[in-house]
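Notes for the one structure printed next.
The values are calculated or read from the model by the stated rules, or taken from the named source; none is laboratory data. Model, not experiment: these values are computed from the prediction. Cβ sites come from the backbone with ideal geometry, for glycine too, and all protein chains shown count toward neighbours.
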Amino acid sequence: MTSATVTRTSKETDITVTILPENGKADISTGIGFFDHMLTALSVHSQIPMVIRCKGDTHVDAHHTVEDTGIVLGQALNKALGDKTGIARYGSAYIPMDESLAFCSLDICNRPFLVFNAEFTNPMIGAYDTCLTEEFLRAFAFNAGLTLHVNVLYGKNDHHKTEAAYKALAHALRIASTPTGAGEAFSTKGILG
């Protein structure tokens, strides 16, 4: 994985994401506290240092900020992974968060897809709409080139369920992006996609 920076500016958001694979730390600021908390967890647990700066139209709601951050983060990861040769490609993880349990399985394969299963009790966690978890995951998966399955198996507290989902994604991503030393695509076709 190499360093990568992607900037995207629209009438709704202005976002820059930088991935620093060596000697970096998570440094996240989106204007949505709970989302910053989730992205920091994603960065720390995936061991992919990320610097994310987003100014969005949060006076409308959090939707554009969360979805567009997923787009830019996915593009930055895709860029940092290059041709995706020499990595494990597949990763899966179960992550508990108190009474909640989430599972993520992913394939870094250039065939974007999302399967997401979770039920939330409350519409909001702070200024973060619980329904935006799926929007973030979809934008991230489609722009990073991931086949992504995330399932929150059970739980009562929406904060815990959401955090377990982000951390499960992080751990699966860490496993899938691990270098194998092979120097070629991990595919019988010889290419990914």
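Restricting to the range 38-60, name every residue that is of a type in the set (Gly, Ala, Ser), within 19 Å of residue 134 (Cβ to Cβ) and in contact with a strand residue (DSSP E or B) (Cβ under 7 Å, 6 or more places away or on another chain). Matches in the range 38-60: 56 only. Total residues in the range 1-14 satisfying the condition of being in contact with a helix residue (DSSP H, G or I) (Cβ under 6 Å, 6 or more places away or on another chain) and in a loop (DSSP other than H, G, I, E, B): the figure is 3. For the range 34-54, a tally of residues being touching a Gly at 6+ places or on another chain (Cβ under 7 Å) and more than 17 Å from residue 170 (Cα to Cα) returns 1. Does residue 126 satisfy the criteria of being under 26 Å from residue 30 (Cβ atoms) and in contact with a Phe, Trp or Tyr (Cβ under 6 Å, 6 or more places away or on another chain)? Yes; evaluated as a whole, the condition is true for this residue.
Among residues of the range 142-193 being aromatic (Phe, Trp, Tyr) and modelled with pLDDT of 85 or more, the one that is farthest from residue 73 (Cα to Cα) is 154.
Output yes when any residue across the range 68-91 is small (Gly, Ala, Ser), out of contact with any Leu (no Cβ under 7 Å at 6 or more places or on another chain) and in a strand (DSSP E or B), and no when none is. There is no residue in the range 68-91 that is small (Gly, Ala, Ser), out of contact with any Leu (no Cβ under 7 Å at 6 or more places or on another chain) and in a strand (DSSP E or B). Out of the residues in the range 122-136 meeting the condition of being surrounded by 14 or more Cβ atoms within 10 Å (Cβ to Cβ) and of a type in the set (S, T, N, Q), tell me which one is farthest from residue 72 (Cα to Cα). Looking at the filtered set, the residue picked out is 130. Residues in the range 15-38 that are touching a residue at least 40 places away in the same chain (Cβ under 8 Å), part of a helix (DSSP H, G or I) and surrounded by 16 or more Cβ atoms within 10 Å (Cβ to Cβ): 34, 35, 37, 38.
Checking 139, 93 one by one, the residue that is out of contact with any Cys (no Cβ under 9 Å at 6 or more places or on another chain), buried (at least 19 other Cβ atoms within 10 Å of the Cβ), modelled with pLDDT of 95 or more and under 22 Å from residue 1 (Cα atoms) is 139 and no other.
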